[in-house]
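Q: Before I ask anything, let me first share the structure, which is written out below as structure tokens.
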Amino acid sequence: MQVKTKAIVLSALKFQESSLIVKCFTQSDGLKSYFVRNAVASKSAKVGGAKTAYFQPMTLLEIEAIHKNKGTLEQLKEIKIYQPYQTIPNEILKSSMLLFIAELLQYSIHEEEKNSDFFDFIEAALLWLDSHQETANFHLIFLLETAKYLGFYPDTTDLDLPYFHLQDGQFASSLGTGTLSEPETALFKRALQLRFDTDQKSFHVSERQQLLKIIMDYYAQHLSGFKMPKSLEVLKAVFS
């Protein structure tokens, strides 16, 4: 079946000497992997009119492809960038966030099924990052909002309780195995109030580092086979 859809690049793995296996999150069909022949043969190599550089992580593409939907690698026919980034490539904080998010999504999205709401959220978040300067909490907000689409956003019914249980995803009245301490829970509650348009300077660097660890531990509890992104250490270093 031939499809035309928006797609967000998650990764591009070199195959043999000149080809790529490109993993994308598509608006039409969710997660898809494509075989791109002769993509890295030279600096001028093209696939359907698109340059090799178009397969950088989190690039926003519009593609035409052949989807056989048999669990095998699909075929790309035409590719173009529909929304070039203006600031992200030139700002180390933003580009580090992008690499981290791309790797995190690779370890989090496993189903080949349409989720247009999730796609629209990721697209809007990336465009917000590119168009704003105060973005220090972006990765924290993105992680928590992504948990909604992955099905394990914290239950805030008992938000007034002093402890948060990572595995249960609920607030608790007593400290026990697997719960955050009271100060950690208070910090986590503050993070749950964050939105992209709220004050990005609401946390100290040490608090952001602590929150990032808490949220990563939360992901590990709720996603089977979840791997800590290698780019996590780079992100920590950039924010230190």
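The values are calculated or read from the model by the stated rules, or taken from the named source; none is laboratory data. As the structure is a prediction and not an experimental result, all values here were calculated from the model. All Cβ positions, glycine included, derive from the backbone under ideal geometry; neighbour counts span all protein chains shown. Only protein heavy atoms, including side chains, enter the accessible area calculation; ligands, DNA and RNA are left aside. Shrake-Rupley method; radii C 1.70, N 1.55, O 1.52, S 1.80 Å.
Q: So how many residues does segment 202-240 have that are in a loop (DSSP other than H, G, I, E, B), within 18 Å of residue 92 (Cα to Cα) and open to solvent by 50 Å² or more (accessible area, probe 1.4 Å)?
A: Just the residues of segment 202-240 that are in a loop (DSSP other than H, G, I, E, B), to begin with: 202-204, 223-231, 240.
Next, only the ones that are within 18 Å of residue 92 (Cα to Cα) stay: 229-231, 240.
Narrowing the set further to residues that are open to solvent by 50 Å² or more (accessible area, probe 1.4 Å) leaves 230, 240.
Residues in segment 202-240 being in a loop (DSSP other than H, G, I, E, B), within 18 Å of residue 92 (Cα to Cα) and open to solvent by 50 Å² or more (accessible area, probe 1.4 Å): 2 in total.
Q: Further, regarding this structure: Which of (1) assigned to a helix (DSSP H, G or I); (2) open to solvent by 40 Å² or more (accessible area, probe 1.4 Å) does residue 122 not meet, given it meets every other one?
A: Of (1) assigned to a helix (DSSP H, G or I); (2) open to solvent by 40 Å² or more (accessible area, probe 1.4 Å), only one is false for residue 122: (2).
Q: With the requirement that a residue be open to solvent by 10 Å² or more (accessible area, probe 1.4 Å), modelled with pLDDT of 90 or more and hydroxyl-bearing (Ser, Thr, Tyr), what does segment 21-50 give you?
A: Answer for segment 21-50, where residues must be open to solvent by 10 Å² or more (accessible area, probe 1.4 Å), modelled with pLDDT of 90 or more and hydroxyl-bearing (Ser, Thr, Tyr): 28, 33.
Q: If you don't mind, there's one more thing I want to ask. Kindly provide the set of residues from segment 135-165 that are among the aromatic types (Phe, Trp, Tyr), open to solvent by 10 Å² or more (accessible area, probe 1.4 Å) and more than 24 Å from residue 175 (Cα to Cα), ordered by number.
A: Quick first cut of segment 135-165, residues among the aromatic types (Phe, Trp, Tyr) only: 138, 142, 149, 152-153, 163-164.
Subset that is open to solvent by 10 Å² or more (accessible area, probe 1.4 Å): 149, 152-153, 163.
Hit for segment 135-165 is 149, nothing else.
Q: Taking the options 103, 113, 123, name whichever one is of a type in the set (D, E, K, R), within 30 Å of residue 70 (Cα to Cα) and touching a strand residue (DSSP E or B) at 6+ places or on another chain (Cβ under 6 Å). Write out each step before concluding.
A: Working: 103 fails: touching a strand residue (DSSP E or B) at 6+ places or on another chain (Cβ under 6 Å); 123 fails: touching a strand residue (DSSP E or B) at 6+ places or on another chain (Cβ under 6 Å).
Just one listed residue meets the conditions, 113.
Q: If you check 93, 127, 99, which single one turns out to be open to solvent by 40 Å² or more (accessible area, probe 1.4 Å), hydrophobic (A, V, I, L, M, F, W, C) and closer than 14 Å to residue 200 by Cα? Talk me through it step by step, then tell me what you get.
A: Details: 127 fails: closer than 14 Å to residue 200 by Cα; 99 fails: closer than 14 Å to residue 200 by Cα.
Step by step, each of 93, 127, 99 is checked, and only 93 is open to solvent by 40 Å² or more (accessible area, probe 1.4 Å), hydrophobic (A, V, I, L, M, F, W, C) and closer than 14 Å to residue 200 by Cα.
Q: What's the total number of residues in segment 184-201 that are outside any helix (DSSP H, G or I) and of a type in the set (D, E, K, R)? If you could, list the steps in order and put the result at the bottom.
A: Keep residues of segment 184-201 that are outside any helix (DSSP H, G or I), which gives 193-201.
Keeping just the survivors that are of a type in the set (D, E, K, R) gives 195, 197, 199, 201.
Count: 4.
Q: Output the residues belonging to segment 75-114 that are among the polar types (S, T, N, Q) and in a helix (DSSP H, G or I).
A: First, pick out the residues of segment 75-114 that are among the polar types (S, T, N, Q): 75, 83, 86-87, 90, 95-96, 106, 108.
Hits for segment 75-114 are 90, 95, 96, 106, 108.
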